[in-house]
Amino acid sequence: MTDTAQSKNHKTHILISDVSSFLGSQIAQVFLDAHCAVYGIGSSHVPEKLLSSHNFTLLEIDLSQPLPAYLPTFDLIFDLSLLKNQDNLSHMPHMSPQLTNAIALSQRHNSRLYIFAPITTPEEFYEYLTSGKDDLKDRISLFLTGDVYGPQMPLDNSNKLTVLIKQAIQTDKIILEKEGLEQIYPAYITDATQTVKKVIMTNHHR
């Protein structure tokens, strides 16, 4: 976010769920570099670079539970919860308590909500999210996300591409599960984060 994307009297406040994930931490860094106030929900494995930033706050809350009243007002909310469990990529994701709360929070704060889902998520999912709710169509954007990889990525990441990269680094062979019939959708981390930033700027200047 540049200075033109913020008023002089307001620093953009951003909430990112699963900020301890590779994608979540990199999105957080993009907006910290742009002098936004970033709030993250995640485990203790949040990168030290984020924790050391005076514009970053780690929230010890569970987005699937009732949210405390003390939360600041967020301009942008990023929910990465649908990327955690990708066992059934071809099926319609369900409205988890975390996603339900993220939507409710965006309505309460009049903020934009960016939901990240696996790239194989059915096209009908967006309509499912916003069905009968015209205000949500103006508020929610959906990012379909491939297998993110790049420098400094943790090798315990569970996406299919990371599993293969880990094998290549640690062993002299790569084992393809399910006879190699599963598709992999590589997404370089910088391409992913810059796309996110571009979409945010576009939506802000509409």
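Summary of values
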| read-out | value |
| --- | --- |
| Within the chain, helix-based [θ] at 222 nm, where runs of 4 or more DSSP H residues each add -39,500 (n - 2.57), nearest 500 | -10000 deg cm²/dmol |
| The chain, relative contact order in percent, only Cα pairs under 8 angstrom and at least six apart counted | 18 |
| Within a Gaussian network of the chain (alpha carbon springs, distance under 10 Å), most fluctuating of Gly150, Gly24, Gly132 | Gly132 |
| Paramagnetic reach from His54 in the stretch 18-41 [backbone N under 16 Å; point 7 Å along Cα→Cβ] | 32-38 |
| Heavy-atom accessible surface of the chain: percent carbon and sulfur, 1.4 Å | 51 |
| Backbone N under 13 Å from the Tyr188 label point (7 Å along Cα→Cβ), restricted to the stretch 125-162 | 149-151 |
| Difference of contour (0.36 nm per residue) and Cα-Cα distance, Met95 to Lys173 | 24.2 nm |
| Per residue, in Å², the accessible surface of the chain once ligands and nucleic acids are set aside, probe 1.4 Å | 56 |
| Under 18 Å from the Cα of Lys173 - lysines, other chains or at least 8 residues apart | Lys160 |
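The values are calculated or read from the model by the stated rules, or taken from the named source; none is laboratory data. Remember, it's a predicted structure, so these values are computed and weren't measured experimentally. Glycine also receives a Cβ, built like all others from the backbone with ideal geometry; neighbour counts cover every protein chain displayed. Note: accessible area is taken over every heavy atom of the protein model, side chains too, but ligands, DNA and RNA are not part of it. Shrake-Rupley method; radii C 1.70, N 1.55, O 1.52, S 1.80 Å.
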